[in-house]
Structure formats: structure tokens, C-alpha cells
Amino acid sequence: MRRFFPYIRYLKAERRTFLPAVVYGVMFGAVNGLGLPLMTKYVFPIVFDSSGGPRLTTWELLSVAAWLPMVFLLRGVCGYLNSYYITLTGTRVLEAIRLDFFRKLQVLPLSFIQGRSAGDLVSRGLADTGQLQNTLITVANDGLKQPLTLFSSIGYLSYLAFTEQGVVLVLVCIALVPLCVFPVRYVGKKVVKRAYQVQAQLGDVSGQITENLSAAREVRAFSLEARATERFAAACRALITSQLKVVKYAQALTPAIEIVSACGISFTLLYAYREGMSIDTFLSIIMALYLSYEPVKKVGAINNELKRGSASLERLEVVLNEPVRIADPATPVEIGRLRGEIAFANVNFAYHTDVPVLQSVTVRIPAGTVCALVGPSGAGKSTFANLVPRFYEAAAGSVSIDGLDVRALRLTDLRRNIALVSQEPVLFNDTIYNNLLLGRPDATREEVIAAAKNAFADDFIRNLAQGYDTMAGERGVLLSGGQKQRIAIARAFLRNAPILILDEATSALDGESEAAIQTALKRLVVGKTVLIIAHRFSTIRDATMILVFDQGRIVAQGDHRQLYAGNDLYRSLYDRQQMSGGLASTAAV
Ligand SMILES: Nc1ncnc2c1ncn2[C@@H]1O[C@H](COP(=O)(O)OP(=O)(O)OP(=O)(O)O)[C@@H](O)[C@H]1O
Ligand SMILES: [Mg+2]
């Protein structure tokens with residue numbers, strides 16, 4: 001139970017529905033625990049009066065007859081209102097948790113997201129919050145009503161035993177109720193471990209579906225259909241096995257408690273026989289006893305549900321409690337538009353602490369420079385570029401722009417000054433227009449169209465079925481690679497940021513598209529500080545500054561002429577690229 005304490009603050013926010021729920025729950029418990037036993041005790045003797053006393057008046061008869069309906073009416077109304085308000089509270093709390101989960105995903109460092117399978121995160125956000133919802137609803141429905149019923153019926157039992165039959169009976173009756181705690185605790189322990197497993201396996205199943213769908217083409221190209229299905233079947237089988245284990249333990253609880261309660265009733269019967277108890281008192285005790293075992297059974301089920309909920313909570317907390325390492329500083333430096341001078345001073349960086357990716361990188365890129373990053377695959381070029389918008393944080397040293405450490409700036413201010421055109425631009429499943437607008441959400445329609453024209457995208461967009469209002473499809477699948485790139489360039493035009501990061505596409509496009517993109521890029525880079533991760537020799541040659549990366553270090557810098565003459569690595573990279581570039585353009589002809 002303590003597990004859930006940190007979440008009480010969510011309940012505080014919903015006190016306007018939570019408090020009425022508690023009040024109705026208390027009323028339900030009192031009516032439920034006392035109504036029927038009191039009836040057997042006080043109403044039955046009047047109706048089944050065997051002493052031949054005076055018959056009841058009509059008025060008395062009516063009030064006797066009204067007892068049962070009144071009990072059920074009160075019980076029903078209070079029970080209903082309790083369930084309604086508590087479910088309302090529960091679902092609102094859940095909504096808040098789900099929202100917090102999603103909000104957290106927006107601000108967590110990229111490394112956190114990349115280190116996990118998307119499907120598993122999806123499953124945490126849906127299946128685990130779903131499980132938590134079940135828990136909330138079960139607990140909400142029975143969590144108050146049942147314990148309160150238990151208290152009032154035990155209270156009644158004690159009262160009866162003290163006033164009529166002595167203390168022994170009360171001990172017999174009540175002593176058996178706590179016996180039920182043992183099966184409840186035993187089963188709870190078994191359930192929690194397996195519930196965690198179930199949720200993890202759900203994550204695996206959903207991960208496989210997500211991965212499979214995102215690689216639909218590769219699955220077909222490599223004929224992986226059968227293998228993927230086999231793996232999926234195994235994951236499903238494992239999931240079902242674990243789910244059945246949870247059911248196995250959870251379902252054993254009810255019979256266990258029923259057996260204990262049957263023993264309790266037998267004891268009472270024996271005791272009643274010895275004491276020569278009247279049938280009214282006996283029936284009323286049995287009723288109260290039955291009414292106190294029923295809640296224990298339900299409390300057991302609640303306990304199981306709580307365990308499952310806490311397993312899910314644990315999985316959600318992996319996200320909810322993850323510290324946001326890359327966050328706004330307490331007192332950010334206020335900035336407007338930056339000039340765009342980028343400086344790295346002794347920067348070390350590693351994705352995983354044991355494998356250094358950048359090592360003592362020091363470089364100053366003056367504002368307005370077109371700077372090409374070259375080097376073998378895995379040398380650290382993309383990593384270097386990713387440190388500028390603070391997608392990752394340098395482990396040592398500093399990255400600064402215009403002399404301001406990027407950690408001193410508000411993230412939105414920093415990133416507003418940077419435009420990004422990535423190797424494989426991602427479009428959202430929205431209209432082309434809205435996808436362009438992401439560059440600068442407050443742009444006018446004229447500005448959006450002007451940007452599209454500058455990026456040579458206007459023509460092809462107009463030729464689409466619904467022009468600018470055409471949907472792009474998930475991740476932009478309805479557009480070609482070259483079209484997506486032009487949309488990304490148009491976005492960068494709109495953003496008009498002083499710093500531009502360009503990860504050049506590796507695959508050569510067809511001649512016309514390629515030429516359009518190159519011209520668009522030439523227009524785009526004017527007056528900006530540009531980091532180009534260059535894969536084409538034409539780009540490299542045009543750059544005013546070239547940084548040569550090798551194994552996480554900048555091994556040389558200069559312009560093309562200097563480097564070609566003085567750096568072996570650069571010369572060999574350049575020659576190789578020129579050859580493959582040459583081949584590619586020959587092939588394209
Ligand atoms: N998200 C990541 N998590 C862990 N390691 C990573 C991650 N991204 C890159 N790396 C590792 O960091 C090193 C540098 O990668 P980086 O992407 O910066 O290389 P690159 O120079 O851009 O290569 P390429 O030319 O192939 O794009 C590589 O060894 C790579 O395996
Ligand atoms: Mg790269």
C-alpha cells in the first residue's frame with residue numbers, strides 16, 4: 001500500500017469527487033454490515049412470533065415489510081454513488097498519470113528513448129496504465145465498501161456477543177477472520193512477481209508488433225515472415241503462460257477463504273448448541289459472520305489487484321522517476337537571435353560511460369561559416385552535431401554559442417536558433433501545409449508558400465491530389481525521399497535560424513531532384529553558420545571550413561586545398577568519395 005503513497009497528491013486534486021465517494025462508501029458499509037443482521041435479530045421475531053401475543057397493527061406491519069426494501073434502497077443508492085464518484089476520481093487520476101507519462105517522454109534525453117524499444121514504451125503507456133486503471137477501479141469499488149462492511153459487521157458481532165452470549169463467542173467468531181489474512185498475503189506475494197513478468201512480456205509482444213510494422217519492407221525483402229511469426233508466437237506463448245500463473249494464484253484465494261469461513265460457521269454452530277442459543281440470535285450471528293467473510297474475500301481480491309497495479313506502477317516509474325538530465329537552467333541567460341559562433345572546448349562525450357565517442361574536441365567555428373564534417377563512419381560527426389542543440393550533454397568540457405554555454409540557455413531559446421535537416425526527414429501524419437508550418441508555427445500562408453518555393457517543393461506539392469492539404473502519411477511514407485528532403489529544407493527556410501545543421505542524405509537522388517536540392521541548399525546556407533555532415537565531394541569542396549574526424553577526435557581542420565595537400569586521411573576519404581560520387585553520377589546518366 002505504501003507503494004501508492006506518492007500518488008496521493010493526484011487524489012488531492014480530485015477531492016471534490018473523492019470526498020463524496022468516501023462519505024457514500026461509509027454509509028454503504030454501515031447499511032450493508034448492519035442492515036440484514038439487525039433485521040434477523042429484531043424484525044423476524046416480531047413476524048414469526050410464536051408466543052401467540054397480540055397481532056401487529058397495519059402500521060407496524062408496513063414498517064416491518066418496509067425494512068428490507070429500505071435496507072436495499074439505502075445500500076443501493078449509497079453503493080451506486082460511491083462507485084460512480086470513486087470511478088470518476090480513479091479515471092481522472094489515471095488520465096493525469098498517463099499525461100504525466102507522456103509529458104515526461106517529451107523532455108527525457110534522447111539517449112533514454114533510444115536505449116529502449118518503442119513498443120515497450122508504448123506498452124508502458126497503454127497496458128501498464130490500463131492495468132493501473134483496473135486496479136484503481138477495483139480498489140475504488142471495493143476498497144472502501146468492503147472494509148467498512150467488515151468493520152460494521154464485526155462491530156455488531158462483538159456487541160451481540162458481549163451483551164448476550166459472553167466473550168467466548170466473540171473470540172471464536174472474530175479469531176477466524178484474521179486467519180484469512182494468511183492466504184491473502186501468500187497469494188499477494190505470488191501475484192506481484194508474476195504480474196511484473198506479465199507486464200514486461202506485454203511490452204515484448206507490443207515491441208515486436210511495433211518493430212515488425214516499422215520494418216515491413218525489410219521483413220518482405222529478407223523473407224523474414226515465418227521467422228517473425230515464430231518469434232511473435234513464442235512471445236505470445238510466454239505471455240499467456242505468465243498470465244495463467246497470475247490467474248492460478250488469484251483464483252485460489254476465494255475457495256481458501258470460503259473454507260476458513262465454513263469452519264467459522266461450524267464452530268459457531270457447535271457453540272450455539274452448547275449454550276442453547278435462540279434461533280434469532282444464531283441466525284443473526286451467522287448472517288453477520290457471513291457478511292464479514294465476504295469483505296475479506298473481496299479485500300483479498302483487492303490485494304491481488306493492488307499487487308498487479310504496483311507491478312505496473314514500477315514499470316511506469318522507470319519513466320516517471322527518470323531524472324530529466326537535460327533541462328532548463330534555474331536562471332537562464334535571456335537571448336534573442338544568436339549570431340551563431342559555435343565553440344567546443346575540451347569536449348568529451350560517451351553514450352555509454354565505458355566507450356568514449358568524442359575525446360577532447362576543441363574547435364571554434366566563426367559565425368557565418370559553412371563547415372563540413374568529414375571522417376570515416378562512426379568517427380563521431382553526427383554526435384558532434386547533436387551536442388550543439390543539446391540533444392546530448394557533454395560529459396566534460398563545454399559547448400558554447402556566441403560565448404554562451406548551451407547549458408546556460410533555455411532549451412527552447414537555444415533550439416529556436418537552430419534548424420535541422422536530417423538524413424531521413426520525418427514528416428508527421430498531417431497535411432503537407434502543417435508539416436511545413438512546424439518550421440515556424442506563427443508563419444503566414446504566404447511565408448509557408450515562399451519557403452516551399454525556395455526549397456523547390458512548391459511545384460510537386462501543387463501537383464499532389466489535394467495540394468498543400470494532402471496528408472503526408474505516417475512518417476511521410478506517401479512522399480518520395482527527395483520530396484521529403486525538400487519539405488525538410490522548406491521547414492528550415494521558414495525557421496530561418498542562424499545555425500543550420502545538415503545531415504546530407506547518403507543515397508544519391510535522381511539527377512533532377514538532386515540538382516533542385518543542391519540549389520535549394522545553396523540558397524539556404526547563405527549568412528548562416530552551417531554544420532554539414534557531408535557525403536558529397538561537391539559540398540565538401542564548397543565548404544569554407546572542413547573538420548576531419550577520426551575515432552572521436554578532430555584530427556585536422558582547414559579548407560579543401562590545405563587538407564588535400566597535408567592530410568592523408570582526408571585525401572583518401574576525398575578520393576574514395578569522388579570515385580563513388582563519380583560512379584553514382586555515371587550510373588544516373
Ligand atoms: N544513440 C547511440 N547510442 C549509443 N552509441 C551510439 C549512438 N549513436 C552513435 N553511437 C556510437 O557513437 C559512435 C559515433 O557515432 P556517430 O553517429 O557520431 O558517427 P558518424 O561519424 O556520424 O558516422 P556516420 O558517418 O556513419 O554517420 C559510433 O561508434 C556509434 O556506434
Ligand atoms: Mg552520422
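A few comments on the model shown:
- Any hit, the range 98-110, residues being loosely packed, with under 15 Cβ neighbours inside 10 Å and within 16 Å of ligand 1 (Cβ to nearest atom): yes
- Residue in the range 209-257 that is modelled with the highest pLDDT, counting only those that are closer than 26 Å to Leu121 by Cα and not in a helix (DSSP H, G or I): Leu224
- When Ala345, Ala350 are checked against the criterion of being farther than 30 Å from Asp575 by Cβ, within 13 Å of ligand 1 (Cβ to nearest atom) and of a type in the set (A, V, I, L, M), Ala350 stands alone in meeting it.
- Candidate set: the range 515-530, residues that are more than 15 Å from Asn496 (Cα to Cα) and of a type in the set (A, V, I, L, M, F, W, C); chosen: the one nearest to ligand 2 (Cβ to nearest atom): Ile517
- Only one entry of Val361, Val406, Val374, Val388 meets the criterion of being away from ligand 1 (no atom under 14 Å from the Cβ) and not charged (D, E, K, R), and that entry is Val406.
Let's see how each residue does on (1) modelled with pLDDT of 90 or more; (2) touching a His at 6+ places or on another chain (Cβ under 8 Å); (3) away from ligand 1 (no atom under 16 Å from the Cβ); (4) not assigned by TED's automatic domain parsing to the domain that holds Ala450:
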position: Asp469; (1), (2), (3), (4): yes, no, yes, no
position: Gly473; (1), (2), (3), (4): no, no, yes, no
position: Leu478; (1), (2), (3), (4): no, no, yes, no
position: Ala490; (1), (2), (3), (4): yes, no, yes, no
position: Glu504; (1), (2), (3), (4): no, yes, no, no
position: Ala516; (1), (2), (3), (4): no, no, yes, no
position: Thr519; (1), (2), (3), (4): no, no, yes, no
position: Arg523; (1), (2), (3), (4): no, no, yes, no
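- When the helices (runs of 4 or more DSSP H) confined to the range 1-85 are screened for residues that are touching a Gly at 6+ places or on another chain (Cβ under 8 Å) and either closer than 25 Å to Ser278 by Cβ or touching a residue at least 60 places away in the same chain (Cβ under 8 Å) (or both), those reaching at least 2 such residues are found at 15-38.
- Condition check for Leu270: in a helix (DSSP H, G or I), more than 30 Å from the chain's Cα centre (by Cα) and in the same structural domain as Gln208 (by TED's automatic domain parsing): yes
- Here Val426 fulfils each of the conditions (1) closer than 23 Å to Gly115 by Cβ; (2) hydrophobic (A, V, I, L, M, F, W, C); (3) crowded, with 19+ Cβ neighbours inside 10 Å; (4) more than 11 Å from ligand 1 (Cβ to nearest atom) apart from (3).
- Remark: pairs (first residue in the range 549-561, closer than 20 Å to His352 by Cα and among the acidic types (Asp, Glu); second residue in a loop (DSSP other than H, G, I, E, B) and within 10 Å of ligand 1 (Cβ to nearest atom); Cβ separation under 6 Å; 6+ apart in sequence or on different chains) = Asp550/Gly375; Asp550/Ala379.
- Test result for Arg445, closer than 26 Å to Glu341 by Cβ, surrounded by fewer than 18 Cβ atoms within 10 Å (Cβ to Cβ), of a type outside the set (Gly, Ala, Ser) and not assigned by TED's automatic domain parsing to the domain that holds Gln106: no
The values are calculated or read from the model by the stated rules, or taken from the named source; none is laboratory data. Note that the structure is a prediction, hence the values are computed from the model and not measured. In this analysis, Cβ positions are derived from the backbone assuming ideal geometry, glycine residues included, and neighbour counts consider all displayed protein chains.
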